[in-house]
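What follows is a set of notes on a single structure, which appears directly below.
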Amino acid sequence: MKKRFLWFVFVFFAIGVGLYPLLYFLNDEPQGVLSQKTPAILASAAWNTAFRLHIFLGGLSLLTGWSQFNGKLRRSRLSLHRTLGKIYVTSVLISGTSGLYLAFYITGGMVTQWGFGLLAVSWLFTTYMAFVKIRALEIQSHQNWMIRSYALAFAAVMLRIYIPIMLAGLGMEFIDVYRIVAWLCWVPNLLVAELIIRKQNKLITS
Ligand code: HEM
């Protein structure tokens with residue numbers, strides 16, 4: 001029962017935040033982070049292209065990733081698992097690289113730049129490792145790296161949970177919140193991923 005509820009919450013947030021970038025495409029008015037950017041950034045074709053690629057493919061990575069962890073689906077529809085996996089890896093490659101570029105222009109200075117920059121590099125690295133491991137047919141290791149990769153993709157979800165709590169609930173200043181969340185949205189996720197991996201590996205060896 002508890003497992004089912006956690007799975008429901010996991011899927012709910014993956015789909016909800018995965019669809020969220022659509023708001024930027026459906027609305028012509030500057031919104032969200034766009035309303036805080038300088039006219040020079042908003043006029044930059046490079047920044048705008050990176051932003052659009054990042055949010056669209058970041059959303060797609062969340063939408064395709066969650067179902068890959070469903071063992072039943074994986075076993076019964078292996079070709080679907082492979083297709084979704086290819087879409088996920090390609091999305092991360094483009095969204096992660098453009099996310100790294102966007103990190104240079106982010107509000108909040110070095111603390112947010114390093115937070116999001118390292119998140120982007122870690123996302124790209126863990127996904128690359130998952131890809132290398134499946135090419136080498138090392139299934140367990142592939143799964144472990146995918147758990148880490150998706151835990152990092154989930155930074156996008158955690159960020160959107162923490163920010164309103166800190167702003168509205170704790171009454172903090174936006175800039176302080178942004179600096180904290182640049183790290184808080186992904187470092188604990190990696191720790192949770194390691195706990196899940198350890199638990200799974202214990203089950204396999206016992
Ligand atoms: C995990 C690695 C990721 C990194 C390093 C990253 C990095 C960034 C950066 C640097 C920005 C610009 C923020 C600013 O200039 O203030 C941004 C914005 C954004 N990102 Fe990501 N991101 C990641 C994952 C994702 C994912 C998986 C999604 C999927 C929904 C996503 C959706 C967005 C959206 C919608 C924005 C616009 C800001 C907002 O409305 O909150 N990102 N991201």
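Each reported figure results from applying straightforward, stated rules to the coordinates on display, with no laboratory input. If you're wondering where the values come from, they're calculated on a predicted model, not measured in any experiment. Note that each Cβ is placed from the backbone with ideal geometry, even for glycine, and that neighbours are counted across all protein chains shown.
Structure data summary
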read-out: In sequence order, calculated HN-Hα J values of region 178-187 (Karplus, 6.51, -1.76, 1.60; Hz; x Gly/Pro); value: 4, 5, 6, 5, 4, 10, 5, 6, 10, 4
read-out: Mean separation of Cα contacts under 8 Å (6+ apart) over length of region 152-206, as relative contact order %; value: 42
read-out: Cβ-based exposure ranking for Phe125, Phe5, in which fewest neighbours within 10 Å come first; value: Phe5, Phe125
read-out: Helix 2-19 axis, angle to the chain major axis (alpha carbon atoms, nearest 10°); value: 40
read-out: Region 82-142 versus region 25-50: alpha-carbon centroid distance in Å; value: 23
read-out: Nearest-ten-degree value, helix 155-164 long axis tilted from longest Cα axis of the chain; value: 50
read-out: Packing-based order for 46-55, 72-81, using average beta carbon neighbours within 10 Å, highest first; value: 46-55, 72-81
read-out: The chain, dipole about Cα centre (Lys/Arg Cβ +1, Asp/Glu Cβ -1), debye to the nearest 20; value: 1200
read-out: Ranked Trp7, Trp186, criterion: other C-beta atoms within 10 Å, fewest first; value: Trp7, Trp186
read-out: Cα lying deepest toward the dipole's positive end in the chain, options Gly58, Phe131, Phe116, charges on Cβ; value: Phe131
read-out: Positive-pole candidate from Gly171, Gly85, Leu191, dipole of region 62-206, charges at beta carbon; value: Gly85
read-out: Tail fraction, Cα-Cα pairs, the chain, threshold 32 Å, whole percent; value: 18
read-out: Computed lengthening from Glu138 to Leu195, 0.36 nm per intervening residue step minus Cα-Cα distance; value: 18.5 nm
read-out: Cα gyration tensor shape of region 39-119, rounded if a/c is under 1.5, else prolate or oblate by comparing a/b with b/c; value: prolate
read-out: Rounded, prolate or oblate (a/c below 1.5 giving rounded, otherwise prolate when a/b exceeds b/c) for region 96-206 by Cα gyration tensor; value: oblate
read-out: Between 0 and 90°, nearest 10: helix 139-153 axis offset from the chain longest Cα axis; value: 20
read-out: Ascending count of other beta-carbon atoms within 10 Å, so fewest first, for Ser149, Ser67; value: Ser67, Ser149
read-out: CD proxy at 222 nm, helix term only [per DSSP H run n ≥ 4: -39500 (n - 2.57); per residue of the chain; nearest 500]; value: -25500 deg cm²/dmol
read-out: Contact order normalised by residue count of region 1-151, Cα under 8 Å, 6+ apart, percent; value: 19
read-out: Assigned charges on the beta-carbon of Lys, Arg, Asp, Glu; region 119-206 dipole about Cα centre (debye); value: 340
